[in-house]
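*Asks:* Structure provided below as structure tokens; questions to follow.
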Amino acid sequence: FRRVKPGEEIPPRPKELDAWAADTATGTMAGMVYGVMRARAAEARAFDPEMADIVRRRNLWMRSVHEATMGGVRFGSFVAVFSAVQLGSQSYRGDIRDMWNTVAAGAITAGGARLGPPR
């Protein structure tokens, strides 16, 4: 990396950065969808017929927003680390795309996830 002086042409972004951003955004969206589905399932199991309809809707809304946010953060961060390790391994090995990049990414990401704080 080097500093770009005023008036100089800005170099293009690396293709790895674009791939990483796309993978991370997709993983975050998938985590959000999973979180909402999880909230809906939990609400169906915890159905209380004596609860007012407006209160039940509010609880569902709050649970859905919370689960969507947390699911997006959890899954999105997992995918971001996996994608970064996979692309870094590919770049380090001379742009070779094979299964060993995925194996390394899976091993490092899973190992790192087990070192994280418990839920």
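*Asks:* Select from region 50-59 the residues that are part of a loop (DSSP other than H, G, I, E, B) and either modelled with pLDDT of 90 or more or open to solvent by 100 Å² or more (accessible area, probe 1.4 Å) (or both) and list them in ascending order.
*Replies:* If the condition is that a residue be part of a loop (DSSP other than H, G, I, E, B) and either modelled with pLDDT of 90 or more or open to solvent by 100 Å² or more (accessible area, probe 1.4 Å) (or both), then 50 is the only one that fits.
*Asks:* Could you list, in sequence order, all residues of region 1-31 that are hydrophobic (A, V, I, L, M, F, W, C) and either open to solvent by 70 Å² or more (accessible area, probe 1.4 Å) or not in a helix (DSSP H, G or I) (or both)?
*Replies:* The answer is 1, 4, 10, 17, 20, 29.
*Asks:* In this structure, does residue 37 turn out to be part of a helix (DSSP H, G or I) and either without any contact (Cβ under 8 Å) to a residue 24 or more places away in the chain or surrounded by 13 or more Cβ atoms within 10 Å (Cβ to Cβ) (or both)?
*Replies:* Criteria met by residue 37.
*Asks:* Would you be able to say whether some residue in region 60-70 is free of Cβ contacts under 8 Å to residues at least 24 places away in the same chain, outside any helix (DSSP H, G or I) and β-branched (Val, Ile, Thr)?
*Replies:* no
The values are calculated or read from the model by the stated rules, or taken from the named source; none is laboratory data. Model, not experiment: these values are computed from the prediction. A quick note on method: Cβ atoms are made from the backbone with ideal geometry, for glycine too, and the neighbour counts reach across all protein chains shown. For the accessible areas, the whole protein counts, side chains as well, though only heavy atoms, and no ligand, DNA or RNA atoms are used. Shrake-Rupley method; radii C 1.70, N 1.55, O 1.52, S 1.80 Å.
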